[in-house]
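Asker: The structure under discussion is supplied below as structure tokens; questions concerning it will follow.
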Amino acid sequence: MLRGFTHTLNSSQLKPGERQLEIRDMQLRFGGVTALFNVSLEVKQSEILAIIGPNGAGKTSLLNCISGLYQPQDGKIIYHNGRAHDITHARPHEIAHLGIARSFQNIELFKHMSVLDNLLSGCHIHMKTNLFASMFYWGPAQAEQIEQRRFVEDVIDLLEIEAIRGHTVGSLSYGLQKRVEMGRALAMKPSILLLDEPMAGMNAEEKEDMARFVLDINEEHGVTIVLIEHDMGVIMDISDRIVVLNFGQKIAEGTPDEVRRNPIVIQAYLGEDQSTFPMKHLG
């Protein structure tokens, strides 16, 4: 496996291409404002699915519903991993324990802690020994923590952050903090990784590195990726399929080539003439 990775990163029991996540007729409202209206889609094992749309289209709200931060008023969210789990109203820690991890638009790390400790914090979702035993490093807790430490070392190698493993997160550049946040999500051994604008605010070199890591995680380890990203060049380069939202509704779905030629998408998402879209935004 890539860079000598010795542990299983992907916790899914499904085969590539099998249905892994279903969203059925989902509706989310905040008072009189409808954030999502009758949204339905499927996510397949080991694919990279991009969610695009203009600001306010409901992209982050969709990820928040999948990860349990928001609970929709209507519809269903079904997660498949050997059997079907209705996670529509599950709590975030329950969903994480099933194998769905995420990063955020705004970095959510422990800024005063080291890179290594931040990554280790992601492993605790799967710890079998209790907190009291792990604090005192007793018996099975010791063996379990050693194994988790080895797994985190593999994640550090995968994301090429060996040189900063002991640094305090708050002292790192924005791009490196985004990489550490992805690492903490990977430390949860996800079958689905939700990434909310992982390349926002990065320079060209940092974006190239992050895109490479996303592809490595997906292609080498089979982790399913659901990605929100505003850089259309990146989206078109790395995605298998794209879902387009506008005003909380799904208006299109297809391959990158199908989506970039869809006049409804061009009008709603970019407000541009169809003939200029592929050249201007996709290089």
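The values are calculated or read from the model by the stated rules, or taken from the named source; none is laboratory data. This structure is a prediction, so every number in the text was calculated from the model and none was measured. Every residue, glycine among them, receives a Cβ derived from its backbone with ideal geometry; neighbour counts consider all protein chains shown.
Asker: Do we find a residue being in contact with a strand residue (DSSP E or B) (Cβ under 7 Å, 6 or more places away or on another chain) and of a type in the set (Gly, Ala, Ser) anywhere in segment 215-229?
Answerer: The answer is no; no qualifying residue exists.
Asker: How many residues are over 14 Å from residue 236 (Cβ atoms) and either in a helix (DSSP H, G or I) or without any contact (Cβ under 8 Å) to a residue 60 or more places away in the chain (or both) if we restrict to segment 253-263?
Answerer: 1
Asker: What's the total number of residues in segment 175-201 that are buried (at least 18 other Cβ atoms within 10 Å of the Cβ), over 15 Å from residue 104 (Cβ atoms) and either among the small types (Gly, Ala, Ser) or at pLDDT below 95 (or both)?
Answerer: Selection size over segment 175-201: 4.
Asker: Condition first: touching a Ser or Thr at 6+ places or on another chain (Cβ under 8 Å), on the phi > 0 side of the Ramachandran plot and not β-branched (Val, Ile, Thr). Can you find one or more residues in segment 38-55 that meet it?
Answerer: Yes, that holds for at least one residue.
Asker: Residues of segment 24-75 being surrounded by fewer than 20 Cβ atoms within 10 Å (Cβ to Cβ) and among the aliphatic types (A, V, I, L, M), which ones?
Answerer: Answer for segment 24-75, where residues must be surrounded by fewer than 20 Cβ atoms within 10 Å (Cβ to Cβ) and among the aliphatic types (A, V, I, L, M): 33, 41, 69.
Asker: I need a count of the residues in segment 233-254 that are over 17 Å from residue 218 (Cα atoms) and of a type outside the set (Gly, Ala, Ser).
Answerer: Pass one, segment 233-254, residues over 17 Å from residue 218 (Cα atoms): 233, 243-254.
So of that shortlist, the ones also of a type outside the set (Gly, Ala, Ser) come out as 243-247, 249-251, 253.
Here the count works out to 9.
Asker: Same structure again: Suppose we keep only residues that are in a loop (DSSP other than H, G, I, E, B) and within 18 Å of residue 31 (Cβ to Cβ) within segment 63-92. Which one would you say is nearest to the chain's Cα centre (by Cα)?
Answerer: Ranking the qualifying residues of segment 63-92, first place goes to 69.
Asker: Inside segment 212-222, can you point out the residues that are surrounded by 21 or more Cβ atoms within 10 Å (Cβ to Cβ) and either modelled with pLDDT of 95 or more or more than 15 Å from the chain's Cα centre (by Cα) (or both)?
Answerer: Looking only at segment 212-222, we keep the residues that are surrounded by 21 or more Cβ atoms within 10 Å (Cβ to Cβ), and these are 214, 217.
Within segment 212-222, 214 is the sole residue that qualifies.
Asker: Taking segment 27-48 only, how many residues are outside any strand (DSSP E or B), under 19 Å from the mean Cα position of the chain (by Cα) and not polar (S, T, N, Q)?
Answerer: So the count comes out to 1.
Asker: List pairs: first in segment 23-38 and within 15 Å of residue 78 (Cα to Cα), second assigned to a loop (DSSP other than H, G, I, E, B) and at pLDDT 95 or above, Cβ under 7 Å, 6+ apart or cross-chain?
Answerer: As it stands, the answer is 26/72; 27/72; 27/73, since those pairs meet every condition given.
Asker: Please go through segment 127-152 and pick out each residue that is modelled with pLDDT under 55 and either within 22 Å of the chain's Cα centre (by Cα) or closer than 21 Å to residue 165 by Cβ (or both).
Answerer: Listed by number, the residues that qualify are 127, 134, 137.
Asker: Considering each of 159, 195 in turn, give the residue that is aliphatic (A, V, I, L, M) and in contact with a Phe, Trp or Tyr (Cβ under 8 Å, 6 or more places away or on another chain).
Answerer: Values: 195 fails: in contact with a Phe, Trp or Tyr (Cβ under 8 Å, 6 or more places away or on another chain).
After ruling out the rest, the residue left standing is 159.
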